[in-house]
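J.: Below you will find the structure I want to go over with you.
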Amino acid sequence: MEDNRKQEKKIKVRTLMKVYHFFWKYRRIDSIIAPFYYILENFSPAVSTLILAGFYQEVYRVLSGEMRSGYGLITYGAAFIVYLIVKQILQLIASISTNAGIYEKTLYILNERLSEKASELPLIAYENAEIMNKKEKAQECVHNDRIPSIFMLSVVLSTSVLGTGALIITLGSWHGFLAVIAIVSVAQFYAAAYFQEKKKYQLSQELTTEKRQQDYLWSLFTDEKSIKEMRVMGFADYLADQWKKSRDKINRKFWREELSAHRNTMYCEFIRIAGYILGIAFSFLLLTAGRIEAGVFGAVLTAFVNVQAVIKNHITSIGRIPVFLEYAKDYFDFIELPGEQEGAVNIGEKIQKISFRKVFFRYPNADGFTLNNIDLEIHEGETVAVVGENGSGKTTLTKVLLGIYAATGGSVAINDIPINSIDQKDLYKKIAYLSQDYMVYKMSLQENVVLADMPENAAEDIKRIVSEIGLDDIAAACGDISQVYFGKEFGGIELSGGQAQRLAIARAIYKAGSLVILDEPTSAIDPVQEAEILSQIMNMVKGRTAIIISHRMSICTRVDKIIVMKEGTVTETGTHEELFCRNGEYTRLFKAQSCWYEA
Ligand code: ADP
């Protein structure tokens, strides 16, 4: 228990140092202006109290006839005006520096670093609910200004020690008990601030997953595809209802929390007011006992209120900082997650060999292995079909091959170089990959195929590929392919599912790479044209190493090697003839499909 506390304290101190380091690195000037201003600002109540005390005393002297000339009155009055002007000017400078420099610009930098980190994370991190929750918590920290608040609160606190001390001494100089009442009557604000913030933090931690779900539901109402489906299928009301329920559930918890916080603040205020009344009564006793002069009575009360206000602010800050540091820790935890481990080895000009040795792969939080002890080799120029039932691990196999997901065990190598040592940028230049989540970009047809600056004389190649893949009607209807635009929002044309998939195939084929990976390239193409497109694809990838995942077993008769997968393992490899003779899983799959085409 004791050790845990010590550990927690250490973590908080470390986080506080990170916050300071951040400001020193990114907002140096502002982080100097702020403490400088607050040092001056903290003497302000003591200065104003002293000037006012002198002023009241002079007023009393003039009124009682003790002093005839009003010279002292004018001096104190003028001093007070100068004090107010200087205070306003400094306040203006500090407010610009704090609002713009410490808060707004910091927010911008924190957000920028957050999105940089999100883009650097290994792609597998996006499959990990824990990491996505960390991201949400980091966003929460930024969204609520916790890091600038920690900095400002700690600046205010540390720079106010002298000023607060001066104020307490001023009040105590009239009577020590007055200072004690003023401090004790606001001590409860510490507990209120600490527990309120702690509860809020715990609540937002508890609700992180629910909030992500709520955001997901909301995103469905802004996504064109889901809007169409929900309208036609008539479940828009159901989803809206789910979203409202989730929103109300979350809000209700926060409102309850808010209400309890207000109630606590009210109780704290009652105690503070009781302390104030006690302070007035005690000052009055001092006055009647002749311990303070009548002119000082007003100044004593002003000083009393000032001490209460300053101590209340400080104590509230002291209560808040530890919890704010927990938010900041969430932010730094996310920012410090290891990014993608990129190798630096260049694999050479071509992909000559791909090898899997005893490869295992498990998705984060999944119970079992999705890839189980995979051994295989693919050589340059081979065309390979990967077949197997849904969920057998075909897509996962290609993602591990591409280094998108790192193997949990075993080794994946290209040209005998372990995939994690390879320079990914260099590798991906040599690979054309069509995933099942292909995109149609709302740009021109030519841009959709090339997705880079248009090389000279590329138009002919693009036209040929587009024509071979069956999109020539669109190109022909529109004339110049650079003028064919997609996306009706931009006055372009809308592609059918099959046409969109053809476009994605054209992109993969156009990209000059020594390895082509196509994951279910004809899933959206109608059966009548599917065989023709598959045959076109086979012609187009001739001479290149190609891995094609397909549910269409007929492709297997045209490839050099078939890899059969079942429940995460490779059960068979060989040519169509070899595997068909074995009468195993491959034959079962093949027969199951071919019987549909037999009369
Ligand atoms: P196939 O391509 O053969 O249909 P996949 O490789 O897509 O199979 O999926 C293999 C198995 O891995 C399936 O059981 C699937 O549910 C599981 N799986 C796929 N993606 C994830 C993920 N992100 N997290 C956990 N399990 C996953």
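J.: When both residues are 6+ apart or on different chains and their Cβ atoms are under 6 Å apart, which pairs have a first residue that lies in segment 519-532 and is assigned to a helix (DSSP H, G or I), and a second that is surrounded by 12 or more Cβ atoms within 10 Å (Cβ to Cβ) and among the β-branched types (Val, Ile, Thr)?
T.: As it stands, the answer is Glu530/Thr522, since those pairs meet every condition given.
J.: Only one of (1) more than 16 Å from the ligand (Cβ to nearest atom); (2) open to solvent by less than 60 Å² (accessible area, probe 1.4 Å) fails for Thr288. Which number is that?
T.: Condition (2) is where Thr288 drops out.
J.: When segment 419-471 is examined, which residues are found to be under 27 Å from Ile404 (Cα atoms), open to solvent by less than 10 Å² (accessible area, probe 1.4 Å) and in a strand (DSSP E or B)?
T.: Result: Ile422, Ile431, Ala432, Leu434.
J.: Moving on to the next point. Taking the stated definitions as given, is Ala182 in a helix (DSSP H, G or I), open to solvent by 30 Å² or more (accessible area, probe 1.4 Å) and among the hydrophobic types (A, V, I, L, M, F, W, C)?
T.: So Ala182 does not fit the description; no.
J.: Would you tally the residues in segment 506-544 being within 21 Å of Lys429 (Cα to Cα), among the charged types (D, E, K, R) and open to solvent by 20 Å² or more (accessible area, probe 1.4 Å)?
T.: Qualifying residue count for the region: 4.
J.: Out of all the residues in segment 335-355, is one or more open to solvent by 40 Å² or more (accessible area, probe 1.4 Å), out of contact with any helix residue (DSSP H, G or I) (no Cβ under 6 Å at 6 or more places or on another chain), within 16 Å of the ligand (Cβ to nearest atom) and farther than 30 Å from Tyr190 by Cα?
T.: Within segment 335-355 (the criterion being open to solvent by 40 Å² or more (accessible area, probe 1.4 Å), out of contact with any helix residue (DSSP H, G or I) (no Cβ under 6 Å at 6 or more places or on another chain), within 16 Å of the ligand (Cβ to nearest atom) and farther than 30 Å from Tyr190 by Cα), the answer is no, since none of the residues qualifies.
J.: Next up: Is segment 143-162 home to any residue that is in a helix (DSSP H, G or I), under 13 Å from the mean Cα position of the chain (by Cα) and at pLDDT 90 or above?
T.: Yes, there is a match, as at least one residue in segment 143-162 is in a helix (DSSP H, G or I), under 13 Å from the mean Cα position of the chain (by Cα) and at pLDDT 90 or above.
J.: Sticking with this structure for a sec: Would you call Thr316 surrounded by fewer than 20 Cβ atoms within 10 Å (Cβ to Cβ), assigned to a helix (DSSP H, G or I), away from the ligand (no atom under 16 Å from the Cβ) and β-branched (Val, Ile, Thr)?
T.: It is false that Thr316 is surrounded by fewer than 20 Cβ atoms within 10 Å (Cβ to Cβ), assigned to a helix (DSSP H, G or I), away from the ligand (no atom under 16 Å from the Cβ) and β-branched (Val, Ile, Thr).
J.: What are the residue pairs meeting all of these: first residue in segment 396-408, first residue under 12 Å from Pro122 (Cβ atoms), second residue assigned to a helix (DSSP H, G or I) and within 9 Å of the ligand (Cβ to nearest atom), Cβ atoms under 9 Å, and 6 or more apart or on different chains?
T.: As it stands, the answer is Lys399/Ile124; Ile404/Ile124; Ile404/Thr398; Tyr405/Ile124; Tyr405/Glu127; Tyr405/Thr396; Tyr405/Lys399; Ala406/Ile124, since those pairs meet every condition given.
J.: Within segment 341-360, can you find the residues that are over 11 Å from Ile414 (Cβ atoms), touching a Leu at 6+ places or on another chain (Cβ under 7 Å) and in contact (Cβ under 8 Å) with a residue 60 or more places away in the chain?
T.: Result: no residue meets the conditions.
J.: Check whether at least one residue in segment 551-559 is part of a strand (DSSP E or B) and closer than 30 Å to Gly368 by Cβ, and report yes or no.
T.: For segment 551-559, residues part of a strand (DSSP E or B) and closer than 30 Å to Gly368 by Cβ: absent.
J.: Then there is this: When only residues in segment 388-410 that are near the ligand (Cβ under 9 Å from one of its atoms) and not in a loop (DSSP other than H, G, I, E, B) count, which is nearest to Ile547 (Cα to Cα)?
T.: Thr398
J.: Name the residues in segment 369-382 that are more than 6 Å from the ligand (Cβ to nearest atom) and either in a loop (DSSP other than H, G, I, E, B) or surrounded by fewer than 22 Cβ atoms within 10 Å (Cβ to Cβ) (or both), would you?
T.: If the condition is that a residue be more than 6 Å from the ligand (Cβ to nearest atom) and either in a loop (DSSP other than H, G, I, E, B) or surrounded by fewer than 22 Cβ atoms within 10 Å (Cβ to Cβ) (or both), then Phe369, Asn372, Asn373, Asp375, Leu376, Glu377, His379, Glu380, Gly381, Glu382 are the ones that fit.
J.: Among the residues in segment 545-553, are any under 19 Å from Gly391 (Cα atoms) and surrounded by fewer than 18 Cβ atoms within 10 Å (Cβ to Cβ)?
T.: So far as segment 545-553 goes, yes, one or more of its residues are under 19 Å from Gly391 (Cα atoms) and surrounded by fewer than 18 Cβ atoms within 10 Å (Cβ to Cβ).
The values are calculated or read from the model by the stated rules, or taken from the named source; none is laboratory data. Note that the structure is a prediction, hence the values are computed from the model and not measured. Backbone-built Cβ (ideal geometry, glycine too); neighbour counts: all protein chains shown. These area figures cover heavy atoms from the full protein model, side chains too; ligands, DNA and RNA do not enter into them. Shrake-Rupley method; radii C 1.70, N 1.55, O 1.52, S 1.80 Å.
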